[in-house]
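Here is the structure we will look at, set down as structure tokens.
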Amino acid sequence: MSEETWVDVYCAPTGYMLFEDGGEPGFERSNLAPLAGAPAHLLSREATRRFLCVEKGVPIGTILGFDIELTVDIQNLVKYHAGVFGFTGTGKSNLTSLIIRRSLDAWGGEGTVVVFDVAGEYAVSLADMLASYGVLYSPEDLKDADSLLQSQTVPETLESKISPQQLRSWAAGLVDDGRVRPLQLGDEGGGGITLGFILDTLRGYRDDRKTGAVQAADLIGHIQAIASKRRLESDVPVGSLSADARGELSDAVSEILGKLNDRSSLYTELSVVLSVLEGGGGRTQGVDGDPGTYTPRSLALQAVSENAPPLIIVYTPEPGDAREAASRFISRLLYLKKHGYRRRVCVVLDEAQEFIPYETRRDDRTLQSSQAVESLLRQGRKYRAHCVLATQRVAHLNTNALQQLHSYFVSTMPRYYDRLVVAEAFSLNYEVLERTAELDTGQWLFVSFKSTKQRNVPVFIQTPNNEDAVAEYFNMTST
């Protein structure tokens, strides 16, 4: 038996130096490279915690080999955009769902996450949140529990923890509670103008004492009275209201228009509203509170409104429909953000290669969606609009969009060119990236410029299993 033991150690410089500060470890950035043959030491658990973990941060996983919870600034992780990259079966949707949970918990009801779901995975992965305060929109005809369940993917690992009866009861509850709603694509008519949008516009004139403030206040009272009498929801497009409701609103708007100077900005805005009301069309809203049909643009207004649901899932299984919905939603979202809406919104794009491919065309809507997402990534942060991307085909992504991400999780990617794109896009040491081939499901290489204590330091972590929270919810509701 050999008396020698060989240990292979793969190392990459982090760009930091360790120094002693009053008997405690401290760290500072340095351009000095380690010398070959110099003594090397492993950091202790406490030194590692001080090096990487944000005090009072949110745990996102356990550092492999140290049994230390990695705590991060979850606000910055989402604020500066994030990516989740891994092959099929590595747990991308699981991790993305975990990020959504952690973000919404940190926001405390002061923000909304909008998930564009092509594969039908997130309704189940976020089943408890959807049932409590979420809404699912889809152009598919999801009229009952059976059609809803048939459209969604249930992980095999979760199926072993819950029963079909529990799933069906959950799906029926979503439908009965009005949490599953139709989404209209194609011609949106009226650009998604809703009662809420009209009221917010009028309040701006009233509160800022602009020209027409008195008339704006008068019209607010009229609209609120009509909405209360007819049980109209604030986030429903006005073009989809019943003929009687549109007629009553038209009369109220026309009366106020007659009292305004036709050169005022309020007159111009209300003239547009009146044309939409008189044009009508689309699905109607009945007196029983049927929510009618929503459009991607009206969803953008809903997402930034004060009473927005914290979770919105847009299930669009056809890639072309998904691109159309995402591009219209994001374009409208950025427009609203630039006009003063402050509520935080995070857009999650699963199967991101469908939305921001490297090669784009107008006829399949990849050009429109790629341009919209790139605008969101470039401009969104200053307007409290954020993005999380998840994909298994990194090499197929728009590299301009990819380079806007400040935090990213990488798991096993068998294709060499996918790993190479990640290494080049984020200036990551390729030898470190190669170690991801040995990771198990739920294990990730995590690098962040903004959310860890030290910037751009690669760390391998084991993330919690999102399915545990889902299974706990189902088992609690069935007892």
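All of the numbers you see were taken from the coordinates with simple rules; none came from a lab. Everything numeric in this text was worked out from a predicted model, so none of it was measured. Because the Cβ atoms are built from the backbone with ideal geometry, glycine has one as well, and the counts that use them run over all protein chains shown.
The radius of gyration of the Cα set in the stretch 190-279, together with its Dmax, comes out at 11.9, 34 angstrom.
Tell me the mean residue ellipticity at 222 nm calculated for the chain from its helices only (DSSP H runs of n ≥ 4, each -39500 (n - 2.57), averaged over every residue, nearest 500). Don't skip to the answer; put the middle values down first.
On the way: 19 runs with 200 residues, N = 479.
Rounded to the nearest 500, it is -12500 deg cm²/dmol.
Mean separation of Cα pairs under 8 Å and 6+ residues apart, divided by the residue count of the stretch 91-217: what relative contact order is that in percent? Could you put the intermediate results ahead of the total?
Values: 89 pairs, mean separation 27.6, N = 127.
RCO, the stretch 91-217: 22 percent.
In the structure shown, the pairs Lys337/Lys450; Lys143/Lys382; Lys382/Lys453; Lys92/Lys337; Lys79/Lys143 are assessed against 31 Å; a Cα-Cα span above that value is assigned to Lys143/Lys382; Lys79/Lys143. Ranked by the mean number of other Cβ atoms within 10 Å of their residues, highest first, the peptides 410-418, 172-180 fall in the order 410-418, 172-180.
Compared with the dominant Cα axis of the chain, that is its longest principal axis, helix 466-477 is turned about 50°.
The ranking of Arg435, Arg29, Arg230 by Cβ neighbour count inside 10 Å, starting from the fewest, reads Arg29, Arg435, Arg230.
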